[in-house]
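Working notes, beginning with the structure itself.
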Amino acid sequence: ANEDDSLAVKAPPLPSPLRHSKFTTQKMRILVTGGAGFIGSHLVDRLMETGANEVIVADNFFSGTKDNLRRWIGHPNFELIRHDVTEPLLVEVDQIYHLACPASPIFYKYNPVKTIKTNVMGTLNMLGLAKRVGARILLTSTSEVYGDPLEHPQKEEYWGNVNPIGVRSCYDEGKRVAETLMFDYHRQHGIEIRIARIFNTYGPRMNIDDGRVVSNFIAQALRGEQMTVQAPGTQTRSFCYVSDMVEGLIRLMGSDVTGPINLGNPASTCEFTMLELAEAVKELIEPSASWKLVENTPDDPRKRKPDITKAESILKWEPKVSLRDGLPLMAADFFERLGVSKK
Ligand code: NAD
Ligand code: UDP
Ligand code: UDP
């Protein structure tokens, strides 16, 4: 499929008179929860750039920022609402991309009760909204639903190995419940659902201090601090660049499948141990950088890599950006935001 096909957001059926009268000849109206965050703001860019959509962002700015959306503020097709998804939301939309949720351990462990509320009550509210207006809803779930996986790479059929009472559970069990809610609303109320299981994604606009590994290493290297490699450093992750991720989300929304579908980058050019990642940052971004081994957090998965056979065959999607190409793009953004001079 060419670029234009992937951007065409197909109209869902028209279940109610309300939608029929209001939306048939008009732009697709799309709600993006969490749209002020890292992935959400890149998604908003793509949806807005087509000119074919009206986009409403609902975000409580817990980990996101208005700055990520500044180019759209004031645009007639764009609306930004300060809203917490744990509260009901009344808007009339055709599609919902439901991303709102703290995504990095520092943020989700800061207030675990709020994190699980966001996953459970927030997803329930967005499903109630989807039911009322007949909208299609896409949930950004996570590879964390596989926990510390006993299968490698992870296929969608794998049920996972998750600690239900650990410090990460507010996030990973929260997302598991969110997936359950999505399927129950689908089976019981006929809601059109799409579930993406996102694997580690990086790129410009990641929160500089959110504690995830790529943002940490780049920020540390640019600030002249030692990169903190959490022991043992041989654990692996496969890293997907944000533009590839957004393309996958848009294709999934436009497809006929509920998912869950893994989205991530399993290419050998993107699977790194944390030690290799530190070396790559040193080589590509800051030659004077160094690293130190520090203590890890409990339940840290030792290995993670998506099986994206389904996304490739059903969505005709494949990630294109290698880690060595993506890291400098991200570093350019960090240079600017950290106000350090580029070498
Ligand atoms: P992010 O923190 O940059 O974005 C999350 C956004 O949600 C922020 O703007 C935040 O303010 C908002 N938010 C949080 N709680 C909210 C609430 N109760 N009400 C309204 N808004 C709220 O993180 P991200 O990396 O862009 O993640 C986006 C989504 O993708 C999340 O659902 C996350 O679980 C999922 N995901 C991301 C990754 C990744 O590697 N980045 C991996 C797996 C899954
Ligand atoms: N809801 C919402 N916006 C809507 C419709 C519903 O936020 O436009 C919320 C509603 O407040 C409820 C949740 O979604 O808490 C689930 O709604 P549903 O109608 O499925 O269940 P009920 O209201 O019957 O519990
Ligand atoms: N990590 C690290 N140094 C850091 C932050 C994270 O070595 O400063 C490691 C962490 O132990 C994990 C991997 O990087 O093995 C990915 O962590 P991250 O929080 O980015 O994402 P996760 O895959 O855990 O969701």
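The values are calculated or read from the model by the stated rules, or taken from the named source; none is laboratory data. Everything numeric here is computed off the predicted structure, so don't read it as measured data. Neighbour counts are summed over all protein chains in view; Cβ atoms, including those assigned to glycine, are modelled from backbone coordinates with ideal geometry.
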Helices (runs of 4 or more DSSP H) wholly inside region 248-343 containing at least 3 residues that are crowded, with 20+ Cβ neighbours inside 10 Å and within 16 Å of ligand 1 (Cβ to nearest atom) | 323-338
Name every residue in region 151-209 that is touching a residue at least 24 places away in the same chain (Cβ under 8 Å), among the hydroxyl-bearing types (S, T, Y) and within 16 Å of ligand 2 (Cβ to nearest atom), in order of residue number.
-> Y185
Set L124, L139: member being outside any strand (DSSP E or B), at pLDDT 95 or above and surrounded by 15 or more Cβ atoms within 10 Å (Cβ to Cβ) | L124
Which of the residues that make up region 81-103 are closer than 20 Å to I250 by Cβ and within 19 Å of the chain's Cα centre (by Cα)?
-> Q95, I96, Y97, H98, L99, A100, C101, A103
Return a yes/no flag: does region 113-131 have any residue that is charged (D, E, K, R), closer than 30 Å to I208 by Cβ, away from ligand 2 (no atom under 16 Å from the Cβ) and within 20 Å of the chain's Cα centre (by Cα).
-> yes
L69 passes all but one of (1) surrounded by 20 or more Cβ atoms within 10 Å (Cβ to Cβ); (2) closer than 24 Å to K175 by Cα; (3) touching a helix residue (DSSP H, G or I) at 6+ places or on another chain (Cβ under 9 Å); which number fails?
-> (2)
Candidate set: region 290-317, residues that are under 27 Å from D333 (Cβ atoms) and at pLDDT 95 or above; chosen: the one nearest to ligand 3 (Cβ to nearest atom) | V294
Members of region 117-159 that are away from ligand 1 (no atom under 14 Å from the Cβ) and among the small types (G, A, S) | G128, A130, G134, A135
Determine the pairs where a residue that is over 15 Å from H83 (Cβ atoms), located within region 120-131, has a partner that is among the small types (G, A, S) and more than 6 Å from ligand 2 (Cβ to nearest atom) with Cβ atoms under 8 Å apart, the partner being 6 or more residues away or on another chain.
-> V120/G174; V120/A178
